[in-house]
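The structure appears below as structure tokens.
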Amino acid sequence: MSQSRFMPKYDPATIEPKWQSWWDEHDTFRSPRLPVGEKAYILDMFPYPSGDGLHVGHPEGYTATDIVSRAARMRGVSVIHPMGFDAFGLPAEEHAIRTGTPPRESTERNIATFRRQLKMLGFSYDWHREVATTDPGYVRWTQWIFLVLHDTWFDRDAQRGRPIAELPIPAEVAAAGEQAVAAYRDEQRLAYQSEAPVNWCPALGTVLANEEVIGGVSERGGHPVVRLPLRQWMLRITAYADRLERELDSLDWPTSIKKLQRDWIGRSTGAEVDFLLPPAGDDAAGFAAWKQHRAASGFPEQAPDNVLRIYTTRPDTLYGVTCMVIAPEHPLRARLTTADRTAEVEAYCEAASHKSDLDRTDLAEGKTGVFTGSSCIHPLTGEPVPIWVADYVLASYGTGAIMSVPAHDDRDYEFAQTFGLKVVTVVEPATGEGGAGGNGNATPLFTGRGRAVASGPYTGLETDAFITQVGGDLQAAGLGRPAVNYKLRDWLFSRQRFWGEPFPILHELDAAGEPTGVVRALDQADLPVPLPELSDFRPGNTPDPPLSRADDGWLYVERDGKRYRRETNTMPQWAGSCWYYLRFLDPANDERFIDPDIERAWMPVDLYVGGAEHAVLHLLYSRFWHKVLYDRGHVSSPEPFGRLVNQGMILGEMEFTGYRAAAGGWVSAGQQGEADTPMKIPAEQVEKQGEHFVLRDAPKVRVESRAYKMSKSRGNVVNPDQVVRDFGADSLRLYEMFMGPLEATKPWSTAGVGGVRSFLDRCWRLVVDERADELTIAPQVCDEQPTDEQLRQLHRTIAKVTADIDSLSFNTAIAKMMEFVNFATPLEQRPRPLLIPFVKLLAPFAPHLAEELWELLGQAPPVSLADWPVAEEQWLRDDTVEIPVQVQGKLRARVIVPADADAGTLEAAAAAEPKIAALLAGKQIVKVVAVPGRLVNFVVKG
RNA sequence: GCCGGAGUGGCGGAAUGGCAGACGCGACGGACUCAAAAUCCGUUGCCCGCAAGGGCGUGUGGGUUCAAGUCCCACCUCCGGCACCA
């Protein structure tokens, strides 16, 4: 008697590693240098290798792209499907600070874990192309791209970036000498230094980009952020705002993501208008003279200091202006403040400068402000308009000054209410359409479009006509001009952290070792600039970067007899992820960042899948860099990512939560207070009653039911390693695809994983005799020809799975394969010509099992490179179809008719059906709708 | 407040304007078994009915249509994002 009888069960723990090694050894998924025939670049958003390892959200998108890649390969497409690691960033550095290990060590360890886990899931990456953004060979080219940005200025007329050497130098600058020319160039570069208020986060010890500050606190960690003036590297992304917005049109991206980017760029159109200031504006003669001058000279490019220039999107409300408001940081503030108001105004601005962004943008705080004591002259009416200072006007947007029109702007209205300013109505809702517009209300506020009133010569015009006409008039009179503004700000590109790319920049030092202000970019040959060895990675509590503590050997450099100090800021984490998709195509090239032939052949990315959290940051930055590289001739396409798909979030398992009252007993969900404690309730103690779930033992008590985001603190995190141990990688892959649409948010269900596992078990038993003593083909497997019915089932499955892969509808593709297995399981004869194509269909989804079954069926591996089956039209048609018959739109019977029956045949067959005949008896048939292949509907009377 | 997306059985979810609930989970029943697990087969939207059959059903209220989960209007709820950008 054998101790343990061999049971040839489906055992992923043995077959999965077996095939992973096989693929590795045979380089099954290696892609060619250049595509042959049709190409597909299928890309995942590469992960940040955190210390926690992969979570179940990662394999969702990765499995989707893997299925698409595998199916495309089987269809003969040249596929490139790479993977790498976005490995710079704060967590590695914080770990380093906590433990004292250098970030590179922990990063490499984490990468090893991620690589192992990704391989464990059987993704068909070409691992020869793996890159990490922290590799010196990668950093080198990230720094090189920074040099390209540094060497580029934006030609507004041509709307493109050009080499700095081609920048026209104004005569007066050229006359001022070499240093002035250099300074002028530095000002125009796409990578420039600026002394500007920045977002300094004391807790993180670094400056953050606007995009990384959410509601006044850091996106990462939620630490407070304060404004601080600091010399920083900036990237001139605003120069590309217009193209970044316009060229979204050409992309096959979710509309929601395009919308987010559009909102972030925040393009608005309107007009700039000049208001004459004192002393010239103090009398009518001065005003008349100024107007005459303007009519002759036109609208000056830069606002001269005898005017207050404002930006408005609603020049049609010019006659409703009751005051002007400037930002506290406005350059004319001091001059506009009268002596008697100085103390009050200065105090206000001082207070405003100490307010955090959070305080300043807190709508609940209401409006604050202070009168400057002076006025300017309305360019159209000649009336004086008082000038106020208020922090709801932002110095960094438009001209830093606005015309306040309380009757037609929410914020101006609130401001006017607070300070008792006049409200003058100049727009009324257009009559005739929705007469109950804003004006029927108690408040005179109306922000909609309509018809102008009390607006001088423009009275009676519709808003749009008014804007066009007044725009033309202002421009002709030299008082205004059309203007475009963007919410997008230049990208603050330097960080005071250790674990990032050093800048390829040197600062010239004078004899005393002090910086002269002259900046020198390194040559390509000097790259990469390595990170220095450091024992202490901590950021300081001042914005002095850790790299400034590097030893002198790193810090000081001699060039051409001059002494330089290296730039000690580092680049933000986004830098590396801005261009990794290019490096994958040519990862080992040490001559160039990418070979142009390779770039032309593989770019753009055909399918890019990842989370929606990168909607504005990564995806906007990447597009910006790509456009600069395009303008400078380094890449061939204006956009990097053609088709973008966002996978949805995977939530934890559904939970029922009841609330225990502090006093004892239960409180219904929705009525609980602070004192009541939430408790997890097992599903079997809960039942549904009407709209709500209640406790089975106390049906009056409502219970909350929902799935939560996975988090360590909630304890509902699902670990992929554990799922692979319990069910196998193929089950994990298949389950994540079966849960629902790729883009939907959906809760995890361990029972659901069991469900797909049992489907894979059934696939196994279709081929293998599980009750035999050794691994044997099931006795039903034969070499007969499949029956017509079997071929119909097969080809329908082929057609559905093929179409669903194209539309990324993996859940319904899997459902169809399940139907096929349900059909095939009871068959006494299972012909190989039926099973073999099915195994091919299964291969992209459950590749390990498919390889094993393929081999068992006597085929030469790998199925991963077998030909994709083709659905034959003849097997997709039916001879007869069952047609529903309705009377008055209600289903009453079904009839079986030939598939090609025309409307007349259909109607006759339906009318002959006994039940229908009975229902129609004695009724007058008003109308018959007969749709061949679809249905019959009788409309009757009486 | 503004902008997206979504509301379908106990649960996840299917449905080119044309048979609502494919497929899976769960539940229930049967076969196999000494028994259990596993497996295989079946039932499973709700209500009335022994049954045949009938009625009601896709967040709510209207509308278009022979026909609406799907299209239109208004509203409710949930999720996500943005939020003084003039």
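The values are calculated or read from the model by the stated rules, or taken from the named source; none is laboratory data. The structure displayed is predicted, hence computed values, not measured ones. All Cβ positions, glycine included, derive from the backbone under ideal geometry; neighbour counts span all protein chains shown. Each accessible area value is taken on the protein alone, full model and side chains, heavy atoms only, with ligands, DNA and RNA left out. Shrake-Rupley method; radii C 1.70, N 1.55, O 1.52, S 1.80 Å.
Which of the residues that make up region A:612-654 are modelled with pLDDT under 90 and open to solvent by less than 10 Å² (accessible area, probe 1.4 Å)?
Answer for region A:612-654, where residues must be modelled with pLDDT under 90 and open to solvent by less than 10 Å² (accessible area, probe 1.4 Å): A:ALA615, A:LEU617.
Please verify whether A:LYS680 is at pLDDT below 90 and within 8 Å of RNA strand B (Cβ to nearest atom), treating the condition exactly as stated.
Answer is no for this residue.
Identify the residue in region A:772-801 that is part of a loop (DSSP other than H, G, I, E, B) and free of Cβ contacts under 8 Å to residues at least 40 places away in the same chain and, among all such residues, is farthest from the chain's Cα centre (by Cα).
My answer is A:PRO779.
Given the structure, is A:GLY889 over 39 Å from the mean Cα position of the chain (by Cα) and assigned by TED's automatic domain parsing to the domain that holds A:VAL936?
So A:GLY889 fits the description; yes.
Given the options A:PHE275, A:PHE299, name the one that is within 16 Å of RNA strand B (Cβ to nearest atom) and hydrophobic (A, V, I, L, M, F, W, C).
A:PHE275
Which one of A:ARG231, A:ARG227, A:ARG220 is among the basic types (Lys, Arg), more than 19 Å from the chain's Cα centre (by Cα) and either within 16 Å of RNA strand B (Cβ to nearest atom) or assigned to a loop (DSSP other than H, G, I, E, B) (or both)?
A:ARG227
Which one is modelled with the highest pLDDT among residues in region A:352-370 that are open to solvent by 60 Å² or more (accessible area, probe 1.4 Å) and among the polar types (S, T, N, Q)?
Restricting to residues being open to solvent by 60 Å² or more (accessible area, probe 1.4 Å) and among the polar types (S, T, N, Q), the top hit is A:SER353.
Would you mention how many residues in region A:34-61 are closer than 20 Å to A:GLY89 by Cβ and open to solvent by 10 Å² or more (accessible area, probe 1.4 Å)?
Count: 9.
Tell me yes or no: at least one residue of region A:343-351 is surrounded by fewer than 20 Cβ atoms within 10 Å (Cβ to Cβ), within 16 Å of RNA strand B (Cβ to nearest atom) and without any contact (Cβ under 8 Å) to a residue 40 or more places away in the chain.
So far as region A:343-351 goes, yes, one or more of its residues are surrounded by fewer than 20 Cβ atoms within 10 Å (Cβ to Cβ), within 16 Å of RNA strand B (Cβ to nearest atom) and without any contact (Cβ under 8 Å) to a residue 40 or more places away in the chain.
Within region A:687-701, work out how many residues are touching a residue at least 12 places away in the same chain (Cβ under 8 Å), within 16 Å of RNA strand B (Cβ to nearest atom) and among the acidic types (Asp, Glu).
1
Which ones in region A:327-336 are buried (at least 16 other Cβ atoms within 10 Å of the Cβ), in a loop (DSSP other than H, G, I, E, B) and out of contact with any Phe, Trp or Tyr (no Cβ under 8 Å at 6 or more places or on another chain)?
A:ALA327, A:GLU329, A:HIS330, A:LEU332
In this structure, does A:VAL605 turn out to be within 16 Å of RNA strand B (Cβ to nearest atom), in contact with a Pro (Cβ under 9 Å, 6 or more places away or on another chain) and over 23 Å from A:ASP490 (Cα atoms)?
no
Just give me the residues in region A:808-846 being open to solvent by 10 Å² or more (accessible area, probe 1.4 Å) and touching a Phe, Trp or Tyr at 6+ places or on another chain (Cβ under 7 Å), in sequence order.
Scanning region A:808-846 gives A:ASN811, A:MET818, A:LYS840.
Name the single residue, out of those in region A:767-778 being surrounded by 16 or more Cβ atoms within 10 Å (Cβ to Cβ) and farther than 11 Å from A:TYR10 by Cα, that is nearest to RNA strand B (Cβ to nearest atom).
In this case the residue turns out to be A:ALA778.
Tell me the residue from A:ASP721, A:ASP726 that is within 16 Å of RNA strand B (Cβ to nearest atom) and closer than 30 Å to A:LYS9 by Cβ, please.
When all the criteria are applied, what remains is A:ASP726.
Go through A:GLY754, A:GLY715 for me and flag whichever is at positive phi, among the small types (Gly, Ala, Ser) and either out of contact with any Leu (no Cβ under 9 Å at 6 or more places or on another chain) or within 9 Å of RNA strand B (Cβ to nearest atom) (or both).
Of the residues listed, the single one that is at positive phi, among the small types (Gly, Ala, Ser) and either out of contact with any Leu (no Cβ under 9 Å at 6 or more places or on another chain) or within 9 Å of RNA strand B (Cβ to nearest atom) (or both) is A:GLY715.
Name the one entry in A:GLY320, A:GLY270, A:GLY266 that is under 44 Å from the mean Cα position of the chain (by Cα), touching a residue at least 40 places away in the same chain (Cβ under 8 Å) and farther than 23 Å from A:LYS487 by Cα.
A:GLY320
Does region A:509-561 hold any residues that are in contact with a Leu (Cβ under 6 Å, 6 or more places away or on another chain) and in contact (Cβ under 8 Å) with a residue 60 or more places away in the chain, and which are they?
Result: A:ALA521, A:PRO543.
For region A:583-590, indicate whether the set of residues that are in contact with a strand residue (DSSP E or B) (Cβ under 9 Å, 6 or more places away or on another chain) and in a helix (DSSP H, G or I) is non-empty.
No: zero hits.
For region A:392-406, give me each residue that is touching a helix residue (DSSP H, G or I) at 6+ places or on another chain (Cβ under 8 Å), in a loop (DSSP other than H, G, I, E, B) and more than 6 Å from RNA strand B (Cβ to nearest atom).
A:VAL405
Hey, can you tell me all the residues within region A:269-315 that are touching a His at 6+ places or on another chain (Cβ under 9 Å) and not aliphatic (A, V, I, L, M)?
Residues satisfying the conditions are A:PHE275, A:ARG314.
Within region A:864-883, does at least one residue satisfy the condition of being without any contact (Cβ under 8 Å) to a residue 12 or more places away in the chain and not polar (S, T, N, Q)?
yes
Scan region A:802-815 residue by residue and report those that are over 25 Å from A:ILE15 (Cβ atoms) and touching a residue at least 24 places away in the same chain (Cβ under 8 Å).
Across region A:802-815, the qualifying residues are A:THR802, A:LEU808, A:SER809.
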